[in-house]
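Q: Have a look at the structure that comes next, please.
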Amino acid sequence: MQTDVLIIGNSAAGLSAAETIRKYDFDKKITIVSKESGPAYSRVLLPYVLRGKLDYDNLFIRDGNYYIENNFYYIEGLIVSVNTESKTAVCESSEIIKYDSLLIATGSNPVKPPIPGIESEGVYHMWTKDDLDHLMPHFNKDKRVVVIGSGFVSLQAAWSAVCKGLKVTVIELADRIMPSVIDNKGAEILTGKIKECGVDLRIDTLTLAIKKRDDGTFVIDLKDQSSIEADFIIVGTGVKPNTSFLEETDIDIDRGICVNRYMQTSVDDVYAAGDVAGGPTAFGDQHQIHALWPTAIEMGKVAGMNILGKQFVYEGSLNMNVTQMYDMTVASMGQFTDNLDCDEHLMPESSGMGYLKICAKDDQIIGACLIGKTSAMKIFGMLRPVIRLNKKLKVDITRLESDLQKLTYGVAH
Ligand SMILES: Cc1cc2nc3c(=O)[nH]c(=O)nc-3n(C[C@H](O)[C@H](O)[C@H](O)COP(=O)(O)OP(=O)(O)OC[C@H]3O[C@@H](n4cnc5c(N)ncnc54)[C@H](O)[C@@H]3O)c2cc1C
């Protein structure tokens with residue numbers, strides 16, 4: 001078949017691009033391909049469904065009619081290869097799709113660490129709707145789950161298990177949790193909170209092997225510690241961009257697909273966006289993967305505009321993580337990690353916001369990290385444009401909120 005625009009990926013980045021194109025051009029033939037079945041859903045909401053905070057049906061962000069109403073040609077299938085010279089993509093079913101413009105919005109997939117037994121049935125990830133479908137029947141009170149990894153997604157999975165009354169162990173190889181999302185102090189506070197919630201959290205712990213017994217339960221062997229038992233296991237030890245079907249192409253890939261400010265790849269008429277793409281950031285990095293939903297939406301929009309030929313330049317992504325877990329609001333934005341060359345300002349305890357660190361350099365706020373109360377999120381909301389637009393502000397932490405209000409709205413509220 002022939003299409004004007006082929007979009008591989010039916011999620012944040014792909015749909016954002018498709019809708020942007022459709023906004024300006026109703027006739028262009030847009031074909032969307034996804035290896036996952038059913039209408040689009042949000043991965044962000046998976047943990048909320050798992051812990052019973054959201055109904056399953058609310059996972060879906062578009063319904064079946066959406067594709068017809070928007071004149072999108074939707075194919076459920078796996079793309080196995082792309083030829084950028086003949087401008088064709090091949091589906092697993094052998095169908096060949098010829099395109100004028102191609103957008104790769106294939107996201108990423110979890111990686112499995114080399115632990116013997118990790119391929120056993122009963123060892124899951126929490127990344128897709130299929131993973132959720134496999135996990136949900138196990139989420140019953142008093143079941144024992146071992147979560148391997150303590151990043152953002154793993155700790156959300158563990159928190160869902162706590163909420164459902166399971167017995168939870170988290171195993172982390174490194175000496176602290178969530179290294180890319182919060183700073184050392186934040187990790188220390190959250191670790192305390194996780195343990196208070198009854199999780200057996202073990203840092204500095206190497207998983208040696210996963211052994212499945214005849215009765216379906218597991219024994220997990222650990223280095224220098226006694227083995228632990230589990231009814232099922234969740235593995236969350238990092239992800240890898242989905243680029244394997246591009247092996248035969250000349251598209252530059254450096255972990256993710258390298259894109260410029262127009263979301264163009266190194267090959268003409270081929271664009272990439274979302275978790276699969278390494279793009280420019282608000283801090284001047286050229287090819288960084290943020291793996292965040294809002295970034296995928298922004299990149300998709302930029303790709304869509306440029307597929308239309310509108311010369312739309314991306315201002316660069318600004319990382320922002322926000323979640324509620326272990327009865328805390330956990331959030332970070334921009335540059336906030338330890339050992340940065342910057343001034344650190346801590347919100348006083350009397351604010352009641354919890355641990356809130358603001359990082360600034362040369363009278364410019366560059367990032368923030370929060371383990372605390374939702375009340376602090378209004379500060380985060382105001383910080384986003386301030387960081388993005390490089391607005392000058394001499395930080396006086398005691399009056400930060402009113403200074404930000406003045407800067408953002410022109411008045412102190
Ligand atoms: C549990 C969980 C919680 C998260 N929480 C947050 C959060 O709180 N905040 C936040 O900002 N982000 C969060 N994220 C990350 C966020 O979900 C991603 O950044 C976002 O989904 C990226 O969108 P995307 O369109 O780039 O890729 P994806 O959403 O990964 O979609 C990829 C699409 O490509 C398709 N595909 C892949 N390969 C092929 C192929 N070869 N052929 C055909 N189709 C293919 C897939 O089927 C899918 O439709 C979370 C992710 C997870 C898993």
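Q: Whole number in Å², please: accessible area per residue of the chain, 1.4 Å probe, ligands, DNA and RNA not counted.
A: With the other protein chains kept in place, the chain gives 45 Å² per residue.
Q: Going toward the positive end of the dipole of the stretch 327-407, with +1 on Lys and Arg Cβ and -1 on Asp and Glu Cβ, which of Met382, Gly352, Ala368 do you reach last?
A: Met382
Q: Run the paramagnetic zone check for Lys310: 7 angstrom along Cα to Cβ, then residues of the stretch 93-111 with backbone nitrogen under 17 Å.
A: Those under the cut-off are 103.
Q: Further question: Let's see if you can work this out: charge +1 on each Lys and Arg Cβ, -1 on each Asp and Glu Cβ, no other charges. What is the dipole magnitude of the chain about its Cα centre, in debye to the nearest 20?
A: 1100 debye
Q: Here is a follow-up. Which pairs break 29 Å Cα to Cα here: Lys98/Lys240; Lys167/Lys212; Lys310/Lys392?
A: Table pairs above 29 Å Cα-Cα are Lys310/Lys392.
Q: Measure off, as a whole percent, the carbon and sulfur share of the 1.4 Å-probe accessible area of the stretch 40-147, all protein chains present.
A: 49 percent
Q: Also, I was wondering about something else. With springs only between Cα atoms under 10 Å, which of Gly316, Gly52, Gly151 fluctuates most in a Gaussian network model of the chain?
A: Comparing Gly316, Gly52, Gly151 in a Gaussian network model of the chain, the most mobile one is Gly52.
Q: Say the cut-off is 31 Å between C-alpha atoms; which of Lys141/Lys357; Lys373/Lys406; Lys211/Lys357 go over it?
A: From the list (Lys141/Lys357; Lys373/Lys406; Lys211/Lys357), the Cα-Cα distance tops 31 Å for Lys141/Lys357; Lys211/Lys357.
Q: Here's another thing I want to ask about it. Count the DSSP beta bridges whose two residues both fall in the stretch 112-235, then state the antiparallel fraction as a percent rounded to the nearest 5.
A: Around 40 percent antiparallel, to the nearest 5.
Q: What net charge is computed for the residues neighbouring Pro241, neighbours being all others with C-beta under 9 Å from the C-beta of Pro241, Lys and Arg scored +1, Asp and Glu -1?
A: That works out to +1.
Q: How long is the gain from Glu188 to Asp268 if the chain were fully straight, where each residue apart is worth 0.36 nm and the alpha carbon distance is subtracted?
A: This chain segment gains 24.1 nm when fully extended.
Q: Which peptide among 115-122, 165-172 comes first, and what is the full order, when sorted by highest mean count of other Cβ atoms within 10 Å?
A: Top of the packing list down: 165-172, 115-122.
Q: Summing +1 for each Lys or Arg and -1 for each Asp or Glu, what net charge is found among the other residues whose Cβ lies under 14 Å from the Cβ of Asn109?
A: Net charge in that neighbourhood comes out at +2.
Q: At q = 0.07, 0.13 Å⁻¹, what log₁₀ I(q)/I(0) does a Debye calculation on the Cα points of the chain give, no solvent, two decimals?
A: Per q value, in the given order, log10 I(q)/I(0) is -0.37, -1.20.
Q: Then there is this: Just for the stretch 1-130, what percent of DSSP beta bridges are antiparallel, to the closest 5?
A: Percent antiparallel among DSSP bridges in the stretch 1-130 is about 35.
Q: May I ask you to give the percent of accessible area on the stretch 209-290 that is carbon plus sulfur, with a probe radius of 1.4 Å?
A: Reported share for carbon and sulfur atoms: 37 percent.
Q: Which entries in the list Lys193/Lys301; Lys87/Lys301; Lys185/Lys394 go over 29 Å, if you measure between the two C-alpha atoms of each?
A: The answer is Lys193/Lys301.
Q: Take the Cα pairs of the stretch 330-413, get the Kirkwood Rh, then feed it into Stokes-Einstein at 37 °C and 0.692 mPa s and tell me D in µm²/s.
A: The estimated diffusion coefficient comes to 259 µm²/s.
Q: Carbon and sulfur: what percent of the stretch 327-407's accessible surface (1.4 Å probe)?
A: 47 percent
The values are calculated or read from the model by the stated rules, or taken from the named source; none is laboratory data. None of the values given here were measured: they were computed from a predicted structure. Quick reminder, even Gly has a Cβ in these numbers, built from the backbone with ideal geometry, and neighbours come from all protein chains shown. SASA here: full protein model, heavy atoms, side chains in, ligands and nucleic acids out. Shrake-Rupley method; radii C 1.70, N 1.55, O 1.52, S 1.80 Å.
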